[in-house]
Structure formats: C-alpha cells, structure tokens
Amino acid sequence: MSMNESSSVVHNIQKCHIDTDIPDSYRTRITELLGIRWPLLLGGMMWLSDASLVAAMVRAGGMGFITARSSSTNEQFRYQMQLCHDLSGGLPFGVNLTLSRRMEHNDIMLERLLIAIEEGVRIFETAGLPPTPLMPALRNANAIIIHKCAHVRHAIAAQKLGVDAVTLVGMEEGGHPGSNPLPTFLNGAYALEHLHVPLALGGGIGHGRQIAAALALGADAVVMGSIFTSAQETPAHAAYKQRVVTTDQHGTCTLLSSLGDTWRVINNDNARKVAAMEQAGARRYSEFGDLISGARTNTLAYQKGQVEEGMLSMGPAVGFARAVEPVASIVDRLKQEFMDASTRYRQMFTA
Ligand SMILES: Cc1cc2nc3c(=O)[nH]c(=O)nc-3n(C[C@H](O)[C@H](O)[C@H](O)COP(=O)(O)O)c2cc1C
C-alpha cells in the first residue's frame with residue numbers, strides 16, 4: 001500500500017466515528033423471507049426465550065423463537081403462543097424446535113409443533129438433529145424452516161432436505177456448538193461456497209461491526225443469543241443478569257466435548273465440577289447426574305439466582321453485554337454500530 005493509500009484509509013477510519021443515520025430497514029433474503037425489518041435473529045434459548053423476550057425482539061424489528069421445550073405442559077406452551085401474539089401486537093414470531101440426541105425426548109417436539117401451527121405460527125428454527133421427522137407437518141402448514149447446525153456438511157444436507165434457510169454456528173456459540181471446532185466466520189466462508197438457500201451466521205456475535213462483517217461475507221442475517229441473556233425482558237433472576245454483565249469474553253468454557261456433545265457455558269463452580277469429572281474420565285451423561293440437568297439450572301440459577309449452580313449456556317459474546325437493558329436498546333445499539341461499520345467500509349471504495 002502506498003503512503004497516499006494508507007493515509008486515505010486512516011482518514012476514512014476517523015470519519016466513521018460520527019453517528020450514521022439509521023434507516024428504517026435493511027433488506028436481505030432473510031428479511032424478505034421472514035417479513036422483518038432487520039436481519040437480526042434471536043435464537044431460541046432454553047428456559048429464557050419466552051413470550052416476553054421474543055415479543056420484544058419482534059417489536060424491535062428482528063425475529064425471535066419461543067423454545068418449545070421450555071414449557072412443562074402443552075397448555076403452558078399454548079399460553080406462551082397466545083401471550084406472544086398479544087405482546088407482539090400481532091407481528092409474526094417464531095418457535096424453536098430442538099431435537100435431542102437422546103431420541104426418547106423427541107416425540108414432544110411434534111406435539112408442540114402441531115400446537116404452534118394451530119396457534120398460527122409459521123416460522124420455525126429447528127436445531128439439534130436434522131428436522132426430518134418434522135418435515136411433513138412443517139410442509140403441510142407451509143411453514144418457513146430455518147435449520148440451525150454447526151457443520152457445513154449438515155448445512156448442505158439441510159438444504160437438500162428442503163429447508164428455506166440455514167443458520168450455521170461456529171464454536172463460539174453459547175449453548176451447544178456441536179462437535180465442530182471451526183469458528184463462525186471460517187465456517188461461514190466455507191458454507192457460502194455450497195449454499196444457495198439464505199444463510200444466517202451465529203456464534204460470538206454481540207457487536208454491530210460483526211453484523212456488518214457477516215453481511216459483507218455473504219450472510220443474509222445473524223443469529224445471536226448470549227448478548228440478549230441480560231435483557232430486561234429475559235425471564236431470569238436479577239442475580240443471573242448481574243453475573244452476565246460482569247462476565248467478560250474469557251468467562252466461558254466448553255464442557256462434555258469428550259461425549260461428542262460440546263456445551264459452552266459460563267465458567268462457574270458447577271462448570272468446574274463437571275470439568276473435573278470429565279477430566280477424571282466420566283463419559284456417560286448419567287455419571288454427571290444433576291450437575292448437567294436443565295431443570296436444575298432453571299430452578300436454581302434462572303429462578304432463584306444461585307448463579308454458581310447449573311449449566312449456564314453462554315458464549316464469549318457475553319463480554320458485549322455490559323448492562324441490564326431493554327431488548328430495544330440492545331438492538332438500537334447493534335444497528336448504530338452496524339451502520340457505522342458499514343459506512344466506513346463503503347467510504348473505503350469511494351475515497
Ligand atoms: C442461554 C442459552 C440457551 C440456549 N438454548 C438453546 C436451545 O434450547 N436450542 C437452540 O437451538 N439453541 C440454543 N441456544 C443457542 C442460541 O439459539 C444461539 O444459536 C446462540 O446463542 C448464538 O450464539 P451466541 O450465544 O454466541 O450469540 C442457546 C444459547 C444460550 C446463550
């Protein structure tokens with residue numbers, strides 16, 4: 001790069017610090033597919049993605065997914081759908097259908113899918129395993145299916161299966177990034193060589209400049225989770241949200257990789273006990289007992305605020321969650337950062 005070129009880049013970087021006007025919407029194949037204003041998806045979060053959080057995301061211009069597994073009964077799940085219709089002012093919202101590796105737990109997903117369809121939901125995030133057993137019901141209902149996975153080969157298989165869009169997550173993802181060791185942007189670049197359906201990228205995204213980078217890469221949207229765990233509307237104890245906002249990007253760890261079921265969580269006392277057991281050779285879920293129980297995490301950590309207990313799914317994007325604030329404020333900040341980064345990028349072509 002010549003001196004002139006490098007000084008013009010420096011000049012452009014300085015120019016991008018002014019706030020950029022935020023337009024009403026930003027169009028991609030995913031915003032068109034889902035009928036949303038911004039290519040921002042809040043992935044389903046077990047126990048946390050309820051009607052209030054999802055409605056807040058939808059009202060902010062993105063898309064959210066109520067986790068079908070979080071309700072303990074079908075009636076409670078139906079109530080969540082109805083509440084979300086009310087809270088979102090009739091805007092469309094989605095449902096997350098996570099299939100479990102432990103197959104005996106999966107019949108309930110078809111039941112919940114049929115209830116969601118009865119309640120008018122037509123947007124679904126599937127995850128965990130290929131959505132094959134759910135496809136006939138989803139297709140009958142003319143539903144939009146976004147399948148989330150962690151391997152490029154699984155994304156290609158989902159495309160062949162006929163899903164409408166794919167979410168690909170990297171190893172930075174909070175929760176279950178699968179056995180794939182590759183980071184989000186590398187995964188995305190490989191996937192884009194093979195996919196013709198729209199792609200959402202997720203894992204480690206919590207700043208608007210990462211959203212600009214994902215769209216510049218070729219993605220049609222981003223999926224986030226960790227950055228929203230401390231939102232005001234998230235149904236969790238204040239002590240949990242304080243734990244979130246005081247955890248930086250180094251405060252998460254991965255567990256259970258030796259069982260082929262990597263789980264990325266906050267590195268709390270519970271995580272350290274699980275790590276020690278894994279290190280000592282535990283290789284079956286049953287050996288970890290209650291320490292990896294989702295119901296225990298919900299009761300102790302999310303409801304009672306005992307944040308050193310439970311598997312607190314979280315990725316390093318948590319470092320960008322620095323205050324407890326409404327979803328709308330988080331989305332506004334992401335949009336502003338996204339516009340600033342995009343402006344800087346565009347200016348480099350025109351200088
Ligand atoms: C607390 C928490 C719970 C999650 N639970 C689920 C889940 O039940 N099903 C699912 O498909 N993904 C789940 N995820 C993953 C999110 O939907 C999303 O893909 C992920 O958070 C994106 O990566 P990020 O956390 O780095 O933003 C969870 C993530 C978090 C942080």
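The values are calculated or read from the model by the stated rules, or taken from the named source; none is laboratory data. Please read these numbers as outputs of a predicted model, since none were measured by experiment. Methodologically, a virtual Cβ is constructed for each residue, glycine included, from the backbone with ideal geometry; neighbour enumeration extends over all protein chains shown. Protein only, heavy atoms only, side chains kept; ligands, DNA and RNA dropped before computing areas. Shrake-Rupley method; radii C 1.70, N 1.55, O 1.52, S 1.80 Å.
Dividing the helix sum by the residues of the chain, where each DSSP H run of 4 or more adds -39500 (n - 2.57), gives a mean residue ellipticity at 222 nm of -11500 deg cm²/dmol. Candidates Leu129, Leu113, Leu91 compared by Cα position along the dipole of region 83-204: farthest toward the positive end lies Leu129, with charges placed on Cβ. Between Asn74 and Ala295, residue separation times 0.36 nm minus the direct Cα-Cα distance comes to 77.9 nm. Using heavy atoms of the protein chains and a probe of 1.4 Å, the accessible area assigned to Ile156 is about 40 Å².
Measuring nothing but how far apart in sequence close Cα pairs (under 8 Å, 6+ apart) lie, relative to its length, the chain scores a relative contact order of 18 percent. Heavy-atom accessible surface of the chain, averaged per residue, reaches 44 Å², computed with a 1.4 Å probe. Note on Leu83 and Gln336: the extension gain reaches 88.1 nm, defined as 0.36 nm multiplied by sequence separation minus the Cα-Cα distance. Heavy-atom accessible area, probed at 1.4 angstrom with all protein chains present, ranks Trp263, Trp47, Trp38 as Trp47, Trp263, Trp38, highest first. Accessible area per residue (1.4 Å probe, heavy atoms of protein chains only) ranks Phe349, Phe77 as Phe349, Phe77, with the largest value leading. The solvent-accessible area of Glu173, taken with every protein chain present and a 1.4 Å probe, is close to 30 Å².
Where nothing but the Cβ of Lys and Arg (+1) and of Asp and Glu (-1) is charged, how large is the charge dipole of the chain around its Cα centre, in debye to the nearest 20?
Dipole magnitude for the chain comes out near 360 debye.
Multiplying the residue separation of Ala216 and Gln303 by 0.36 nm and removing their Cα-Cα distance gives an extension gain of 27.4 nm.
Binning the C-alpha pair distances of region 133-212 at 10 Å intervals from 0 yields a P(r) profile of 19, 48, 27, 6 %, listed from the shortest bin outward. Once both labels are positioned 7 Å from their Cα atoms along Cα-to-Cβ, the gap between Arg29 and Lys273 label points is 4.7 nm. Kindly identify region 238-317 as rounded, prolate or oblate by the Cα gyration tensor criterion: order the square roots of the eigenvalues as a ≥ b ≥ c, call it rounded if a/c is under 1.5, otherwise compare a/b with b/c, prolate if a/b is larger, else oblate. Oblate shape, in that a/c is at least 1.5 and b/c is the bigger or equal ratio. Principal axis extents of the Cα atoms in the chain, from largest to smallest and rounded to whole angstrom, are 64, 48, 38. Taking the centroid of alpha carbons for each part, region 184-202 and region 295-351 are 22 Å apart. Counting heavy atoms of the protein chains alone, Tyr26 has an accessible area of about 80 Å² for a 1.4 Å probe.
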